[in-house]
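Student: I am attaching a structure below and will ask some questions about it afterwards.
The values are calculated or read from the model by the stated rules, or taken from the named source; none is laboratory data. All values derive from a computational prediction rather than experimental measurement. Neighbour counts are summed over all protein chains in view; Cβ atoms, including those assigned to glycine, are modelled from backbone coordinates with ideal geometry. In case anyone asks, the SASA skips ligands and DNA or RNA and just uses the protein heavy atoms, side chains included. Shrake-Rupley method; radii C 1.70, N 1.55, O 1.52, S 1.80 Å.
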Amino acid sequence: MAEVGLLPFARIAVQVAKAVLPRYRSRFSKHQFTQPQLLAILCLLRYEDWTFREAEVRLGEHCELRQRLGLVRVPDFTTLYRFLQRLDDQTIDRAVGETVRRLRGMRKKSRRRARVAVDATGLAQGAVSTFFVRRMHHHMKKPLPWRHWLKWVVVVDLDRQMVLSQQARRGPLNDCANLPVVVRAASQETRIGLVLADAEFDSEQSHTFVRHELGARSMIPAKRGKRSWRVHGVRAEMRRAFPRRIYRKRALIESLFSSVKRKPSARAPVRTWEMQMRQALLLGLAYNIYRV
């Protein structure tokens, strides 16, 4: 990811937040900070990988950033945390859709349907560095200190390199049943013509959904089970003559995961699972704002 300054990022974040949130939650609010301001700060927090306390300190030091956000005073870190608790997933999804519409308006209109890829990646559920975990595993010869991790499932427009829809869950978990959910949400943002996914999403139901309900092509390698097992329908077609040249485009979603984990963050450092999943969804929103 090329470096984008905080001021341009904050400007777009405020515009997107104003399009999906009212100024205040109710008429009984204190009216010290607006909801779009707090959502923009949370996006900055994910983009720069700040903690809540670090966000309070950075805003206090950066006068121009406060002016761009329209802040008269700096919100306390507890204010940011409580706002994240109140923020629901539907609001984040609307904000992601707003970024997709903005980027689509900036590009030349094309009649070609979008080529999308579906994949999942793991995010660290704590603030401990992965280097520390690897060193401990190397010297103490003990397994990793956690049995579960945060799994981030996304649908990416391969041509625009943009997140169309996303979902966060607790892993390890097979995401084959989640493909219709995330792809249906992505189809509401743009017309889909091709869906690429790895063998984790391999099932006849996934092919049926993409081809019959969306009218798009589906390419998922059928590599589960033994060669002697009999497969039918589209899975048999995938095993018999798999379109490898077109399927190579799926690697672009791995490039997006690499960019996100290297620049914004590869972790969701909060204590509860609900808040960790919300942090993962904010990570996708912050990436889309960066793309806009």
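Student: Students often forget the sequence filter, so: which aspartates and glutamates lie under 12 Å Cα-Cα from Lys151 once same-chain residues fewer than 8 apart are removed?
Tutor: Within the straight-line limit of under 12 Å, Lys151 reaches these aspartates and glutamates: Asp119, Asp175.
Student: Which one, Gly233, Gly193, Gly97, has the greatest fluctuation when you compute a Gaussian network model over the chain with C-alpha springs under 10 angstrom?
Tutor: Largest GNM mean-square fluctuation: Gly233.
Student: Over segment 69-108, with a single point scatterer placed on each C-alpha, what log10 of the ratio I(q)/I(0) does the Debye formula yield at q = 0.16, 0.26 1/Å?
Tutor: At q = 0.16, 0.26 Å⁻¹ the computed log10 ratios are -0.63, -0.87.
Student: Relative to the longest principal axis of the C-alpha atoms of the chain, give the angle of the C-alpha long axis of helix 6-20, reported between 0 and 90° and rounded to the nearest 10°.
Tutor: Result, in degrees: 80.
Student: How tilted is helix 130-140 with respect to the longest principal axis of the chain? Cα atoms for both, answer in degrees (0 to 90, nearest 10).
Tutor: 70
Student: Can you tell me the orientation of helix 77-86 relative to the chain, as the angle in degrees between its alpha-carbon axis and the longest Cα principal axis, to the nearest 10?
Tutor: 40
Student: I've got another one for you. Can you give me the long-range amide H partners of Val74? Hydrogens built in the peptide plane at 1.01 Å from N, cutoff under 5 Å, separation of 5 or more residues or another chain.
Tutor: Hits under the 5 Å cutoff: none.
Student: Same structure again: Can you give the accessible area per residue of segment 186-248, in Å², using a 1.4 Å probe?
Tutor: Heavy-atom accessible area per residue stands at 61 Å².
Student: Next question. With every protein chain kept in the model, how would you rank Lys30, Lys151 by accessible area, 1.4 Å probe, largest at the top?
Tutor: Lys30, Lys151
Student: Shifting gears a bit: Using 0.36 nm times the number of residues separating Ile246 and Phe28, minus their current alpha carbon distance, what extension gain do you get?
Tutor: Gain on stretching Ile246 to Phe28: 72.9 nm.
Student: Which aspartates and glutamates does Lys18 reach when only Cα atoms under 17 Å apart count, and residues fewer than 8 places away in its own chain are ignored?
Tutor: By straight Cα distance, Lys18 reaches Asp88, Asp89, Asp93, Glu98.
Student: Another question about this same structure. Calculate for the chain the 222 nm mean residue ellipticity that helices alone would give, adding -39,500 (n - 2.57) per DSSP H run of length 4 or more and normalising by residue count, nearest 500 deg cm²/dmol.
Tutor: -14500 deg cm²/dmol
Student: Please state the equivalent ellipsoid semi-axes for the chain: what are the square roots of 5 times the Cα gyration tensor eigenvalues, largest first, in whole Å?
Tutor: Those come to 36, 24, 16 Å.
Student: If you take the Cα Rg of segment 162-292 and divide it by 2.2 N^0.38 Å, with N the number of residues, what do you get?
Tutor: Normalised by 2.2 N^0.38 Å, the Cα Rg of segment 162-292 equals 1.17.
Student: Using a probe of 1.4 angstrom, how much of the accessible area of the chain is carbon and sulfur, in percent?
Tutor: Its accessible area is 50 percent carbon and sulfur atoms.
Student: Just in segment 191-272: which trypsin sites (Lys or Arg not before Pro) are loop by DSSP and have at most 11 other Cβ atoms within 10 Å?
Tutor: Hits after loop and neighbour filter: Lys226, Arg227, Arg230, Arg271.
Student: Please list, in order along segment 276-288, the HN-Hα scalar couplings obtained from phi with the Karplus expression 6.51 cos²θ - 1.76 cosθ + 1.60 (θ = phi - 60°), rounded to whole Hz, x for Gly and Pro.
Tutor: Here the 3J(HN,Hα) series is 5, 5, 5, 5, 5, 5, 5, 5, x, 5, 5, 5, 5 Hz.
Student: Please list the non-local residues whose amide H lies under 5 Å from the amide H of Arg170, H modeled 1.01 Å from N, same-chain partners needing a gap of 5 or more.
Tutor: For Arg170, the qualifying residues are Lys151.
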